[in-house]
Structure formats: structure tokens, C-alpha cells
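What follows is a single structure, and I will ask about it in a moment.
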Amino acid sequence: MIPVKVTKISYHSESKSYTVILKEITGDKCLPLIVGSFEAQSIALAIETVDTPRPLTHDLICDVITGIDSILNTVRINNLEDGVFFAQLEIESTKLGKRNIDARPSDAIAIALRMDTPILVANKVLDEAGILEEAIDQAKPSKKKNGLSLKTLKNRMQNAIDEEDYEVAAKLRDKISRLEP
């Protein structure tokens, strides 16, 4: 198993989907994962450590894990079948022992980020679906100029978060990250 970290979340307007990029911590291979908008928003909020007024689903799962006196040891993306990635949460407690729970990779990543837990990818998955980091950099679209200042965009993002409009907040976050050096 290879340890990875989330390096980027991007929105592709043509396909109307989000991609989470996982990169090897000690290498230059990346694993792009297509995720839903809710999961992308949840991952982005975890990365930026944004507190929400009420717990989101992934926050609830973390609360359940800790509420039953368990810990999340690792999240593993361990299989790829017919273009579908599979993941497991490895949970351990003194009462229940060690359990592996099936999960979608997007949910597993959102939970791992909240619980500061290592994310691991199976060698065979990275060999089959991984790409070099330089291939991602070459695929970047040209940046469009935006007439709004960073400060304005950040204020709008905070307002969207305050109003619990996380889809708008995620889009604004993506726009800010493209503009920031």
C-alpha cells in the first residue's frame, strides 16, 4: 500500500464533475478520482478545516466512530474493477476489534481528512490507474482573467458557507485557488 495525500480538487465544467487528485507522498504518481459534488464539497471543507453550523454526513460518521470508542487506523483504496474504485475504512476498538468497512473512495477520503488518518492506495490500483504528476500539469487549461479581487471572492465564499450553500462555496474556492500564487 502506498501513502497518498489530496493535492487538488478541480471542477470540469464540460463533464460537470469533480476530480480529486491523490498524489504519492514519496513519489510522482497521481491517482485522479471522479467524485460527486457533495463529496467534493465535503473534502474541500475538510482540507480547509471549515466549521459548518451543523454536522455534515461525514462529520456524523466521524462522531459515530469516536462515539463507540473506536479509531480509524487507515483508509485504503484497494481495488479497481470495470473503472470503479473500491475503498475500505479500517476501524479498531477494544470492544469490537479490527473491522474493515466498505466505502466509496470519496466518502473514505472525506472521513480520513477529518480524522487525520493516512490514506493508502494499493500498488496494483496505482499501477493501473495512476498517472505522472507532470501529465496533470500539462493538462491544465489556460487561466482566464477574472475581474473580481481575491478579497471579494473570499468574502463571497465565506457568505456561501455561512448560508450553507456549499456548492457555491466550493466553486468559489476553486476559483480562488486558481488565482492565488
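Bear in mind these aren't lab numbers, they're just calculated from the coordinates by the rules spelled out. Since this is a predicted model, take the numbers as computed values, not measurements. Every residue, glycine among them, receives a Cβ derived from its backbone with ideal geometry; neighbour counts consider all protein chains shown.
Hey, can you tell me all the residues within the stretch 158-170 that are surrounded by fewer than 18 Cβ atoms within 10 Å (Cβ to Cβ) and either farther than 18 Å from A46 by Cβ or not polar (S, T, N, Q) (or both)?
N159, D162, E163, E164, D165, E167, V168
Filter the stretch 1-42 down to residues that are within 20 Å of I176 (Cβ to Cβ), of a type in the set (V, I, T) and touching a residue at least 24 places away in the same chain (Cβ under 8 Å), then give me how many there are.
So the answer is 5.
Separate question: Among the strands (runs of 3 or more DSSP E) confined wholly to the stretch 26-96, which include 3 or more residues that are among the β-branched types (V, I, T)?
The strands (runs of 3 or more DSSP E) meeting that bar are 70-81.
Starting from the stretch 103-125, keep only residues that are part of a loop (DSSP other than H, G, I, E, B), then list their pairs with residues that are aliphatic (A, V, I, L, M) whose Cβ atoms are within a distance under 7 Å, requiring at least 6 positions of separation or different chains.
Pairs found: R104/A87; T117/L72; T117/V75; A122/M1; A122/I77.
Could you tell me whether the stretch 43-56 includes any residue that is in contact with a strand residue (DSSP E or B) (Cβ under 8 Å, 6 or more places away or on another chain), acidic (D, E) and free of Cβ contacts under 8 Å to residues at least 24 places away in the same chain?
Of the residues in the stretch 43-56, the ones in contact with a strand residue (DSSP E or B) (Cβ under 8 Å, 6 or more places away or on another chain) are 43-44, 47.
Among the residues that remain, those that are also acidic (D, E) are: none.
For the stretch 43-56, residues in contact with a strand residue (DSSP E or B) (Cβ under 8 Å, 6 or more places away or on another chain), acidic (D, E) and free of Cβ contacts under 8 Å to residues at least 24 places away in the same chain: absent.
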